[in-house]
Amino acid sequence: MERKVVVIGSLNYDVCLKQERIPQEGETCFADRVEYCSGGKGANQAVQAAKLGVPTYMVGCIGSDSQGQFLKANIEQYGVRTDYLREVEGNSGMSVAHSLYDGGVRASVVRGANDRVRKEDVDALEGFLKPGDIAVFQLEIPIPVVEYGISFCKAHGCYVILNGAPAAPLEERVLKQVNLFIVNEVEAGFYCGHEILSEETAKEEIRKMAENLGNVCIYTLGKAGSVVCEAGKCEFIPSKKVQAIESTGAGDSFVGGLCYGIVHNMDIFEAARFATCCSARTVCRIGGQPAMPVLGEVGTEVS
Ligand code: RIB
């Protein structure tokens, strides 16, 4: 039976302001333009997996506002199945990002409907999840639901990926249950208690973390690349040299690419190289979900 990806996570209406600099205290600044996109870490990761042709389902909540229908229609357009998406009264999740021309991004997220995801949304997957399916979590929905979902999916024989973003305190017992823990360099600093300032520190810290948790760990290091560690073997995977335009959703594209690799039985290092090609494509176009590549576009870069 074909393995599927089930993302249990967030959907956000992204408002992205393009501007020279962040306003200072008491100052009002003009932004040059605004873009409205379907986003949210969960939805982005689901879209990337679906665009690569993997059967993908989104579990989560949208609001009863017009943004909710926009978010649903957008992910469906990319092939994500929404059978387990629930509409709740009130606002959808929203992110407002100041995206600077030097590549810097500062964002704030309103939880909205994402905060209404419940354990019952996970229970609804009984009979649907099959051993070998990939379950993917991030931390933009309530943490107790994430913790419950991880145990539930493990008990149903799924391969569980946790993207620990945005960084939040999690019990070690929970981290030990996941098959793959992935974070960026800032989040890695939060979880390991040391700033990750170089490839060397990343390798040192990820080795300790992967050994302690007994699972696969990946630190993405922005423009530099990523470090992957499994069973004592750590590898640095350099990023592709591309003309980057915008980094929104690059990390999510990486996670979606990993899902493709795992579904197709690549080893984790090969899957990370494939995921690197996906995010390299994503940063070359404007927006998150629209910028993510379909399989044919990635294949030309993987050698
Ligand atoms: O990872 C990028 C995403 O983070 C954006 O789409 C935004 O919604 C925030 O959740």
Quiz prompt | Conditions (1) surrounded by 16 or more Cβ atoms within 10 Å (Cβ to Cβ); (2) within 16 Å of the ligand (Cβ to nearest atom); (3) over 17 Å from the mean Cα position of the chain (by Cα); (4) in contact (Cβ under 8 Å) with a residue 60 or more places away in the chain: number failed by Q67 | solution = (4)
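Here's the yes/no breakdown for (1) surrounded by 16 or more Cβ atoms within 10 Å (Cβ to Cβ); (2) among the β-branched types (V, I, T):
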{"site": "V227", "(1), (2)": "yes, yes"}
{"site": "K241", "(1), (2)": "no, no"}
{"site": "V255", "(1), (2)": "yes, yes"}
{"site": "G261", "(1), (2)": "yes, no"}
{"site": "N265", "(1), (2)": "no, no"}
{"site": "A271", "(1), (2)": "yes, no"}
{"site": "C278", "(1), (2)": "yes, no"}
Quiz item: So which residues in region 47-63 are farther than 19 Å from L139 by Cβ and not aliphatic (A, V, I, L, M), if there are any at all?
Solution: K51, G53, P55, T56, Y57, G63
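Yes or no, residue by residue, for (1) touching a residue at least 12 places away in the same chain (Cβ under 8 Å); (2) surrounded by 15 or more Cβ atoms within 10 Å (Cβ to Cβ); (3) among the polar types (S, T, N, Q); (4) under 19 Å from A113 (Cβ atoms):
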| position | (1), (2), (3), (4) |
| --- | --- |
| M1 | yes, no, no, no |
| K4 | yes, yes, no, no |
| N12 | yes, yes, yes, yes |
| R21 | yes, no, no, no |
| E27 | no, no, no, no |
| F30 | no, no, no, no |
| Y36 | yes, no, no, yes |
| K41 | yes, yes, no, yes |
Practice problem: Would you tally the residues in region 19-61 being at pLDDT 95 or above, within 13 Å of the ligand (Cβ to nearest atom) and assigned to a strand (DSSP E or B)? | Solution: 3
Quiz item: Within region 132-141, can one find any residue that is free of Cβ contacts under 8 Å to residues at least 40 places away in the same chain and more than 13 Å from the ligand (Cβ to nearest atom)?
Solution: no
Self-check item: Among (1) surrounded by 15 or more Cβ atoms within 10 Å (Cβ to Cβ); (2) of a type in the set (G, A, S); (3) within 16 Å of the ligand (Cβ to nearest atom) - the single one A168 does not satisfy
Solution: (1)
Practice problem: Being more than 13 Å from the ligand (Cβ to nearest atom), crowded, with 20+ Cβ neighbours inside 10 Å, over 30 Å from F30 (Cα atoms) and not hydrophobic (A, V, I, L, M, F, W, C) narrows it down to one of Y159, Y78, so name that one. | Solution: Y159
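The values are calculated or read from the model by the stated rules, or taken from the named source; none is laboratory data. Nothing here was measured: the structure is a model prediction, and the numbers come from that model. Here the Cβ is made from the backbone with ideal geometry for all residues, glycine too, and neighbour counts use every protein chain on show.
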